[in-house]
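The next block holds one structure in the form of structure tokens; read it before the comments.
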Amino acid sequence: MASARRINNILLREWEAIFRDLNSALFVTCLPVLILAQAMVVVWLLAHYGGEAVATSSVFMTAIARMAGAMPSTDGLHNVDMLRLLLLNQLPLYLLLVPAIVAVAFATFSILEEKLTQSLEPILATPVRTWELLLGKALSGAVPAIAATWVCAGLLVAGLHVLQWDHLLGWVMTASWYLALFLLTPAVALLSFLLGIIASPRAADSKAAQNIAILIILPVMALIGIQVTGQVWFTPILMLAISLAVIVIDIMALFLAVRLFRRETIVSGWR
Amino acid sequence: MGQSGTAPLVQTSGLTKKFGDLLAVENLTLAVEAGQILGLLGPKDAGKTTTLRMLAGIIAATSGQARVAGFDPSASPEKLHEMIGFLPESPGLYGKLSARRNLEYFAGFYRGIDGSRIEAQLKAVGLWERREDKIGSFSKGMKQRLALARALVHDPVVLLLDEPTAGLDPQAGRELRQMITTLREQGKAIILSTHNLPEAESLCDRIAVVHTRLLAMDTPRALRERLFQREIEVELQKPNELAYKSIKDLPYVKAAIIDGCLLRVELSEPETMQPNLIATLVKAGAKIMSVTEKRHSLEEIYLDLLHKEADGKR
């Protein structure tokens, strides 16, 4: 009860700091939409101008064949639709960039603010526990990051309607899609934030911290690369396994963050 | 038990802190009772802040024991933090939040603090009228007052104040000292670190001169008496060698020097022997213009202690 009150106290103040700052507010609202818009434009351009030629190219043939094997029957869909499907099925993975980038930015913003105001020392003299402080901060970054991703997913569905690609929805909103959104996205957001928390106190400034923590984006990009080139298709089972693996890494990262968040280093070193 | 018969609210024994090979605090033993102010006086890097942080349970001691408000700071910091108020050297407030919101946030870590308590604290430090202003626009003195209100918002019994008036203008410093005096009257045990000698002298019941380790601890007056003999200065109307000779060998005179019209005398018992000294001088024909007791400033005491410590290390 007391822990919940203290975590909530941290959460509310963090959000107050983030959303009262114009740059931060624009970052959390505009960046996800830009990421999605960019992806949608690429999908549309490839399908519209590349069309049959791209769909039947050796680059995508393997991936399309692997996708078709992993999905309910795609009979009746022509080659361009298959290309659209292949690209649209990368978007749940591509949208993982949103929680990764937003959460790490919030983490570094949060820690940097405490450093600049030297407010951690008086906080550490209150009854708050280290894990409560870190969880409050992690949630304050993870929740907007997850929400932004879900809003983007909603916009993606709306975009498919606008482009009159609704007939593909059944092959896009698969079990893998829901697992990516509702299991992998929160796990990635939390991991990203925790890596930001771990990196921030060790970095000289926020940019350096973001550079360290942004490394989480590389595995996300690798996932897209693996799937779009047809090396592996992320079936629901595989997506579940990846999500669980990230959750395990989350737990390890939380322990590591609590362990590395040493009060002594913070009060004597953060000057 | 302390001198007044009450158990000390802060008590340490052999408290030591090392950062790697660096010895920050060595074997510190002290005690502070309710309604007392103990000043930690020392130069920069003397271990004052480290001592306060150990007592506040923010960093752990390397060895030694401490009890603060009945709790071991390293064993149960959360319980301890309900009982202590800590004012760090830097106010550590959020510049983009209002004074009220800053106080509400920190109050949110404690149980049962409502709006009326926050209002009372803001009024007590004279910031109620500015409660909705962002503290980025506040002067250093106002920020320090707000930080003091934050340290007091949960009504702690022990206050740990790290250089509370550092960097404040004279008026703001005076206001803060008045507040600290009021808190002593309310019965709080207060430890404050400072390198401001007049502040330590005017504010503190006892002073602990520290330089990594404790060099001396007593009341300002007792420190003076312990370190310096009490000296009487007698101003004569004109130089009088005969008067000097009449007193220099008296049993209660430890030393006497004449320098023109000024006669300096160290007495073993100044209160009782000073009238005898004056009577002897008058009998020897001296015409006395004034008699004053030379008081050594705290600065002299402080420097003397540090010099002695430096000599001891050589």
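The values are calculated or read from the model by the stated rules, or taken from the named source; none is laboratory data. None of the values given here were measured: they were computed from a predicted structure. All Cβ positions, even for glycine, are placed from backbone atoms using ideal geometry, and neighbour counts span all protein chains on display. Note: accessible area is taken over every heavy atom of the protein model, side chains too, but ligands, DNA and RNA are not part of it. Shrake-Rupley method; radii C 1.70, N 1.55, O 1.52, S 1.80 Å.
Listed by position, the helices (runs of 4 or more DSSP H) inside the stretch B:46-151 whose residues that are open to solvent by 40 Å² or more (accessible area, probe 1.4 Å) and within 11 Å of chain A (Cβ to nearest Cβ) number at least 2 are B:77-83. Only one entry of A:LEU112, A:LEU139 meets the criterion of being open to solvent by 30 Å² or more (accessible area, probe 1.4 Å), part of a helix (DSSP H, G or I) and within 14 Å of chain B (Cβ to nearest Cβ), and that entry is A:LEU112. Being under 22 Å from the mean Cα position of the chain (by Cα) and of a type in the set (S, T, N, Q) is the filter; apply it to the stretch B:45-64 and report the residue that is nearest to B:ALA31 (Cα to Cα). Here the answer is B:THR51. One residue is enough: does the stretch B:164-176 have a residue meeting the conditions of a type in the set (Asp, Glu) and assigned to a helix (DSSP H, G or I)? The answer is yes, given that some residue of the stretch B:164-176 is of a type in the set (Asp, Glu) and assigned to a helix (DSSP H, G or I). Selection of the stretch B:232-265 for residues being surrounded by 17 or more Cβ atoms within 10 Å (Cβ to Cβ) and under 36 Å from the mean Cα position of the chain (by Cα) yields B:ILE232, B:VAL234, B:VAL253, B:ALA256, B:LEU263, B:VAL265. Count of the stretch A:1-22 residues, restricted to those that are more than 12 Å from A:SER110 (Cα to Cα), open to solvent by less than 40 Å² (accessible area, probe 1.4 Å) and in contact with a Ser or Thr (Cβ under 9 Å, 6 or more places away or on another chain), is 1.
Selection of helices (runs of 4 or more DSSP H) fully inside the stretch A:1-100 by the criterion of at least 1 residues being closer than 30 Å to A:LEU135 by Cα returns A:2-20, A:22-45, A:91-94.
For the stretch A:155-212, a residue qualifies if it is aliphatic (A, V, I, L, M), more than 19 Å from A:MET67 (Cβ to Cβ), buried (at least 18 other Cβ atoms within 10 Å of the Cβ) and modelled with pLDDT of 90 or more, and exactly one does: A:ALA187. Within the stretch A:115-125, being buried (at least 23 other Cβ atoms within 10 Å of the Cβ) and in a loop (DSSP other than H, G, I, E, B) holds for one residue alone: A:ALA125. Tally time: how many residues in the stretch B:6-36 are more than 14 Å from B:ALA66 (Cα to Cα), of a type in the set (Gly, Ala, Ser) and not in a loop (DSSP other than H, G, I, E, B)? So the count comes out to 1.
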